[in-house]
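Working notes, beginning with the structure itself.
A short reminder: the numbers here are calculations on the coordinates, not readings from a lab. Keep in mind that what you see is a predicted model, and the values were worked out from it rather than measured. Here the Cβ is made from the backbone with ideal geometry for all residues, glycine too, and neighbour counts use every protein chain on show.
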Amino acid sequence: MSNFFSGLWRFRRGAWEMLATLIIAIGVFMLMQPFAMWAYTYSFITTLIGTVMFIVVSHFPD
Amino acid sequence: MSLDPVEQVARATPVTVAKKIRGLSDRAIAWIFVGPTILLLLAINIFPLIWTINLSFTNYKANRPNRPVEYVGLRNYERILNDSDIWLNMQATAHFLVWTIVFQVLIGFTLAWLINKKFKGNDLWTTIIVLPMMLSPAVVGNFWTFFYQPQIGLFNYVVGFFTGADPSSFEMLGSVDLAPWAIVIVDTWMWTPFVMLICLAGLRSIPNYIYEAAAIDRASKWRQFWTITLPMVLPFLMLAVLFRGIENFKMFDLVVQLTGGGPGSTTELASINLKREAFEKWRTGYSSAFAIILFVTVFGLASIYVKALNKVKER
């Protein structure tokens, strides 16, 4: 866990990709879940942030 | 030493002329080969994507090309993301996506594992199993509609035979509870062979000597499966899930043939609604925004998946 946070702090690809992946997964779940309308409403912006972040952080050093 | 004719001509050609003929660098030659593909990609993929993003911020209607187009900002996105009907479509898509992948992976892998055993008629069975995916979705949709007929349908008869239920007592395509499962069954029937073929390729790529070494170490069949077979087939399996996931997220033809999105809107997948908005209601701007939402979702999922696939390959 401390590796993950130090990776984020030092702008390392692995940690940031992990974060972006998590955001995308949450966004997709929010889009398709049957529980709360507000989650559906904010799903697209969540997925979009995650996807753009994923593209950007893929260029960070390992 | 005698030179061959080609060499003789090459040597006799003045250097300046030779440079003119052979003056292209490797990089230039590479561009000549790659250029047409890049142009084609830009014309049929990138340009439409950018154009769709542009349209998604307008109230453009393709059936009224002369009407002045207004930029409406994020209003189309706002409407879609506050529409409870589209939310239900997304849930229907999720149901279809998850269950088809679960069934196709389980059955596909089992079939591949069985087919991989050497037995008589192995090739014939492979051909028979692969047949459904070679059929047109329109044909499959049509004949499964007959299979699901409550009075004369083979499916109802078989279910009735095994469960003792009256075949005409249930309607697969007409029932709100059963229709989502009816489309899952048909897609599974049609596309399981595809997953099976990919798994079979994975199984056949495992060298025999690994199993022999495991057998010498007295590893049980069960342990061989969990420590050799499954990890080595996993990248193939994940690839199959990626292909089927993307394909089923935009599933249209089969479901339209079977249920047309009904009863009510229980099987109205996102792509069916998208087509209605784009080509029946002609709300091009709105449907472009809808398409972009679906695109970003698939793109995001595919990114995660490709990353996971690479990690599995590295192991």
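Ordering A:47, B:37 from the fewest to the most neighbouring beta carbons within 10 Å gives B:37, A:47. In terms of its C-alpha gyration tensor, chain A comes out prolate, because a/c is 1.5 or above and the ratio a/b outweighs b/c.
Peptide B:219-230 has a mean shielding of 0, counted as Cβ atoms of other protein chains within 10 Å of each residue's Cβ. Take B:39-49, B:93-103, B:147-157 and order them by the average number of nearby Cβ atoms within 10 Å per residue, most first; the result is B:93-103, B:147-157, B:39-49.
Roughly how big is chain B's charge dipole about its Cα centre, with Cβ charges of +1 (Lys, Arg) and -1 (Asp, Glu), in debye to the nearest 20?
Numbers: 27 positive and 20 negative charges, 224 e Å.
In debye, rounded to 20, chain B gives about 1080.
Given R0 = 22 Å, the distance between the Cβ atoms of residue B:126 and residue B:154 translates into a calculated FRET efficiency of 0.35. With the Cα gyration tensor of region B:9-131 giving a ≥ b ≥ c as the square roots of its eigenvalues, does the rule (a/c under 1.5 for rounded; else a/b larger than b/c for prolate; else oblate) give rounded, prolate or oblate? Cα axes put region B:9-131 in the oblate bin. Averaged over the residues of A:31-41, the number of partner chain Cβ atoms lying within 10 Å of the residue Cβ comes to 5. Between the helical axis of A:43-57 and the longest alpha-carbon principal axis of chain A there is an angle of about 20 degrees. The modelled label-to-label distance between residue B:165 and residue B:61, using points 7 Å beyond Cα along the C-beta direction, is 4.5 nm. Per residue of B:298-306, other chain Cβ atoms within 10 Å of the residue Cβ number 6 on average. Put in line by how crowded their Cβ is, counting other Cβ atoms within 10 Å and starting with the fewest, B:125, B:51, B:144 read B:51, B:125, B:144.
Treat the count of other C-beta atoms within 10 Å as a stand-in for reagent exposure and order A:9, B:113 from fewest to most.
By the 10 Å Cβ count, ascending, the order reads A:9, B:113.
A crude spin-label estimate for the pair residue B:201 and residue B:307, with each label 7 Å from Cα along the Cβ direction, gives 2.6 nm.
Entry note, the protein assembly as shown: the mean residue ellipticity at 222 nm calculated from DSSP H runs of n ≥ 4, each adding -39500 (n - 2.57), is -22500 deg cm²/dmol after division by the residues and rounding to the nearest 500.
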